[in-house]
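Beneath this line is the structure, given in structure tokens, with notes to follow.
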Amino acid sequence: ILDNISKMSVEAMQKIVDFAKAGLTIVDNNGNINAVYGTSYNGEDETIQSLYAELQQQPSYVKVSSDDEALAYIEENIDSGVSYDAKWLESTRFDDVDGSKYYLMYNESDESASSEHGGGPGEEAGDISTMVTLKGNGAPYKLDPATGEVTAITNYTSNNGTVSFQLDIEEGDL
């Protein structure tokens, strides 16, 4: 997401254009990138303007005019590939070049997180036990980040392009 940006380095803008050309969705929230930071030398402002125009022509470029529009677009169009019903469970997906998908899941329930999510100190803080469903096929594994031990999750179901399993994760754990 480019959020209300008007200045950027030529190098950064070129990378964003390259990412867009590779298919990465670029959401531009109320931006108008027309200059480099500081003083422009050797036509850098014109280069930025040209690159920004090129970015806007990419199929993966999306222009929105507010935070609400940006969030609505993301909710409608970006899929993490994971679903669960646990308030304090956070997940991040990493896609490997070989097609493998890795999910980092974290139990965020503690006093500081409770206040960020609108609850009082300690509200619902504790261990999580929930069913997790991942889009895709294959067998799930669990990595213990403290020891590096990888263990197959043997009690799972595979159905219509999804894999589901019970996740039990202690408060504050990965």
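The values are calculated or read from the model by the stated rules, or taken from the named source; none is laboratory data. Bear in mind the structure is a predicted one, so any value in this text is a computation, not a measurement. Glycine also receives a Cβ, built like all others from the backbone with ideal geometry; neighbour counts cover every protein chain displayed. These accessible areas exclude ligands, DNA and RNA; they are computed on the full protein's heavy atoms, side chains included. Shrake-Rupley method; radii C 1.70, N 1.55, O 1.52, S 1.80 Å.
Below are the figures for this structure:
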| read-out | value |
| --- | --- |
| Test result for Leu24, in contact with a strand residue (DSSP E or B) (Cβ under 6 Å, 6 or more places away or on another chain) and either at pLDDT below 95 or of a type outside the set (Val, Ile, Thr) (or both) | no |
| Test: residue in segment 105-120 that is touching a strand residue (DSSP E or B) at 6+ places or on another chain (Cβ under 9 Å), at pLDDT below 90 and open to solvent by 70 Å² or more (accessible area, probe 1.4 Å) | yes |
| Hits in segment 13-70 - residues which are of a type in the set (Phe, Trp, Tyr) and not in a loop (DSSP other than H, G, I, E, B) | Phe19, Tyr52, Tyr61 |
| Residue in segment 130-174 that is nearest to Asp98 (Cα to Cα), counting only those that are open to solvent by less than 80 Å² (accessible area, probe 1.4 Å) and among the polar types (S, T, N, Q) | Thr162 |
| Residue count for segment 93-110, restricted to those that are of a type in the set (D, E, K, R) and under 14 Å from the mean Cα position of the chain (by Cα) | 3 |
| Options Asp45, Asp68, Asp85; residue that is charged (D, E, K, R), open to solvent by 30 Å² or more (accessible area, probe 1.4 Å) and touching a residue at least 40 places away in the same chain (Cβ under 8 Å) | Asp85 |
| Test for Gln49: is it at pLDDT 95 or above and more than 15 Å from Ile5 (Cβ to Cβ) | no |
| Check on Gly31, under 30 Å from Asp79 (Cα atoms) and of a type in the set (Gly, Ala, Ser) | yes |
